[in-house]
Amino acid sequence: MAPLGGMADVEAELREQFTEAFSGADFPVENQMDLVPALPNGPGTRFEAGDGDVSFTAMEMAAKLGSHQEFPYDDVETLVDDVIAGLKAEDML
C-alpha cells in the first residue's frame, strides 16, 4: 500500500469515517444532538486520520463546528460536506 499523500487522503479518510458514523442518524436531523445516538461511542467517539496526525472527538468537533453547520440536514452527504468545510475553516484539517 502506498504511503498517505497528505491532507487529501486525511480528508478522504475523515469523510469516510463521518459518513459511516452519521449515516445511522435519523434524517432529517434538526441539530447536533440528533446525531449523538448514531455515534458508536456517543460524544466521546474519536475520529482519527493520517496515522493520528488529525484526531478529535465528536464533542470537540461539535464545539468548533456549531457556526459552520446549517441544520436541518436531510442526508448524510450534505452534513459531511459541511463538517469537512467547517474543519478546514477552523484549521482542524
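Points worth noting:
- Test: residue 30 is without any contact (Cβ under 8 Å) to a residue 60 or more places away in the chain and in contact with a Ser or Thr (Cβ under 6 Å, 6 or more places away or on another chain): no
- Selection of the range 43-58 for residues being exposed (fewer than 13 other Cβ atoms within 10 Å of the Cβ) and in a helix (DSSP H, G or I) yields only 44.
- Some residue of the range 62-71 being more than 19 Å from residue 11 (Cα to Cα) and in a strand (DSSP E or B): no
- Residue list for the range 9-30, filter: surrounded by 13 or more Cβ atoms within 10 Å (Cβ to Cβ), over 11 Å from residue 76 (Cα atoms) and not β-branched (Val, Ile, Thr): 9, 11, 12, 13, 14, 17
- There is no residue in the range 6-13 that is of a type outside the set (D, E, K, R) and touching a Ser or Thr at 6+ places or on another chain (Cβ under 6 Å).
- The residues of the range 31-66 that are of a type outside the set (A, V, I, L, M), within 18 Å of residue 86 (Cβ to Cβ) and out of contact with any Leu (no Cβ under 9 Å at 6 or more places or on another chain), listed by number, are 31, 34, 43, 46, 55, 57, 60, 66.
Every number here is computed from the coordinates shown, using simple stated rules; none is lab data. If you're wondering where the values come from, they're calculated on a predicted model, not measured in any experiment. Glycine gets a Cβ as well: all are built from the backbone with ideal geometry, and neighbour counts include every protein chain shown.
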